Structure formats: C-alpha cells, structure tokens
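Here the structure comes first, spelled out in structure tokens, and everything after it is commentary.
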Amino acid sequence: MSYPQKVRIVEVGARDGLQNEKQPINVATKLSLIHQLVDAGIVHIEAGSFVNPKWVPQMAGSADVFNGLQRQRGVTYSALTPNMKGFEAALAAGASEVAIFGAASESFSQKNINCSIAESIVRFKPVMEAAQKANIPVRGYVSCIAGCPYEGDISIDKVAEVAHTLFDMGCYEISLGDTIGVGTPAVIRRIIAATQQQVPIEKLAVHFHDTYGQALANIYAALELGVSVIDSSVAGLGGCPYAQGASGNVATEDVVYMLNGLGIDHGIDLDKLIQAGTSICQHLGRSSGSKVAIACQG
Ligand SMILES: CC(C)(COP(=O)([O-])OP(=O)([O-])OC[C@H]1O[C@@H](n2cnc3c(N)ncnc32)[C@H](O)[C@@H]1OP(=O)([O-])[O-])[C@@H](O)C(=O)NCCC(=O)NCCSC(=O)C[C@@](C)(O)CC(=O)[O-]
C-alpha cells in the first residue's frame, strides 16, 4: 500500500479545541499553548477565530492572541473568518492565512453561521476577493461531510459540490470535516473518492472528530487515497459549539504516533507535543484525550 511520504499537520487545538471550553481561558494561556506547539515542530496552526463573540465567547480574545504571538519564520498562523467583518479583523491582527467555513448540511449552516449554504457562498465571495488583494491564502472548510447533528445523513454529492464551489472560488485547500465523528472508513473513502473528482486529492485535507472513536481509522483510509494534510488537535481538545455531543478532534499526538509507525514524515517532536498537551490539560484541569499521551506518561 502506498501513502504520501510527507504529511502536513494543521493544528487546530487553539481554535477548534478551545472554542467549546466553558471556563475562561486567558490570552497568555492560549499563547503559551501555541508557542509550545510551534516549538514541537507544528508549522501550520489555527490561532483563533474572528466570529461574533456572543456566539463563541471563547474566541473573543483572538485579536490579542494574534498580537501577542512570537512569530516564527515558516509558520502559518491562521484564523477563521466567516464574513468581511471577520476578515478585516483578522487582517488587522496579522493573520497569515484565513479560513472560510461552509457546510454540506443546510441545517448546520443555519445553526453555525446563520445563513443557508447558498448565502454563505455569497458572504464568502468578498472575503475571497479581499484576501486575494491582500495576498492572504484562504482555506475552505466543508462541515458535516459524513452526517449532521440536525439532519442526519448528508448526500455525498452535496459534499463534493460545496468543496468544488469553495475550491473554484479560490480556496487553495479544502478541509473535509466530519464534525460529529460519525464516519467510518468505507464512508470516508466514498466521500473522498467523489470529492476528488471535483478537487485534486493534493488539495484536500481531512478534519475528523473522534466522537465515535473512528478518527484514526478514517485518517488511515484517507492516507491510502493520497490525502496528505491532516487537521488535528493536541490532547484531542475540542468539539463544535453547534454540534451537540461532538467530542474533540482526533488528538495530534495519536496521529503523529501513527505516522511514525507508517514511516511518514511530519516534522513534529512527539515528546514536546505531549508536553504541550499536558500543560494545557493541567491548566484546564482535565485528562488528555490522547491515548498516546496517556500511554507515554504511564
Ligand atoms: C457568522 C456570524 C458572525 C453571522 O452572524 P449574523 O448574526 O448572521 O451576522 P450579522 O452580519 O447579521 O451581524 C449580527 C451581529 O453580529 C456581529 N458580527 C457579524 N460578523 C461578525 C464577526 N465576524 N465578528 C464579530 N462580530 C460579528 C455584527 O457586528 C452584529 O453585531 P450587533 O450589531 O448585533 O452587535 C455568526 O453566526 C457567528 O459568529 N457564528 C459563529 C460560528 C462559529 O464560530 N462556529 C464554530 C466554528 S466552525 C467549526 O468549528 C467547524 C470546523 C471549521 O471546525 C470544521 C468541522 O469540524 O466541521
């Protein structure tokens, strides 16, 4: 079986991971997490989100996070931007990349960003144009690829269609999100096979939540198909505020351990990564969601 020789990890712990936390997390803690992750070798990190703070209070301090970064050369510090207001704030804060986030589910789109899928595309267009003018790369997300917390089953054709629309608009990469972690490898294979008819496989990333314990198996299936970009969250932090019951993203430590076993290059120091996860878990007063971190720490 052939896999990509090299994988890029997109670390989403500081955004997707922390956005759902009920307890306040100060800017210094977020910065410490981001700096530790970069020190561990992460080169692509979602550092925050410029959304309505009434909707996602935990991301309210994102401008301060961006302003406080000790930026390292070669590291991408990205932010979610659902509309022009978010984009302008991200630009002012110095985000090196932004992400627009759509969905393959109408109901999820309404709950998450307060508009239909078609309306979301209309809102994204000026963001794309402004980003192109400012030379800021734009990543695109498609949520609910394998199921929706409100509608259940989602058409694979819809996933491929939304992915194609975002790619066609100018997103350099499309991240396929199994927001509630219901996918299994056979389903994920079908989704990727259909989507790669519309978006080249090297432009696809996978973003799997581990709610049903399927994330690593699904990533393995994606690797077999040639996907080489994986979103993950240190210590398996996270969940989506608009997807009841969604647990964290797959833990970065567990992905790195699996990549090590497969001999796939990723550039991350597992010990330092585990340390970063331990620090944030201690701060949050909870145990790690990474099986590898738990095993390595006895
Ligand atoms: C998208 C909006 C803003 C639309 O919200 P809206 O209510 O439709 O926006 P609006 O344009 O009608 O404005 C209403 C109010 O929101 C404010 N507003 C408008 N835009 C912004 C902005 N950018 N930043 C700050 N404030 C903003 C605006 O200023 C106004 O304030 P008011 O006059 O009432 O005081 C809202 O629905 C929202 O903030 N939603 C939160 C979405 C979110 O962050 N979800 C979690 C991330 S997505 C995710 O986790 C999934 C993913 C990506 O990880 C992949 C996966 O797992 O599947």
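The values are calculated or read from the model by the stated rules, or taken from the named source; none is laboratory data. Just so we're clear, the structure is a prediction, and the values are computed from it rather than from any experiment. Every residue, glycine among them, receives a Cβ derived from its backbone with ideal geometry; neighbour counts consider all protein chains shown. Each accessible area value is taken on the protein alone, full model and side chains, heavy atoms only, with ligands, DNA and RNA left out. Shrake-Rupley method; radii C 1.70, N 1.55, O 1.52, S 1.80 Å.
Tabulated data
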item	result
Rounded to the nearest 20 debye, dipole of the chain from Cβ charges on Lys, Arg, Asp, Glu	440 debye
Gaussian network model of the chain, springs between alpha carbon atoms under 10 Å - residue of A222, A93, A47 with greatest fluctuation	A93
Spacing of the two label points (7 Å from each Cα toward its C-beta) at H164 and E21, in nm	4.1 nm
Segment R71-A186, length gained on full extension (0.36 nm per residue, minus Cα span)	37.4 nm
J(HN,Hα) series, the stretch 249-257, from Karplus relation 6.51 cos²θ - 1.76 cosθ + 1.60, nearest Hz, glycine and proline x	5, 3, 6, 4, 4, 5, 5, 4, 4
The chain - percent relative contact order, Cα under 8 Å, separation 6 or more	21 percent
Spin-label pair A193/A217, simplified geometry with 7 Å Cα→Cβ offset, distance in nm	1.8 nm
Flagged links, alpha-carbon separation over 26 Å, of K125/K203; K22/K111; K111/K291; K158/K291; K203/K291	K111/K291; K158/K291; K203/K291
Where the chain is the region considered: accessible area per residue in Å², 1.4 Å probe	40 Å²
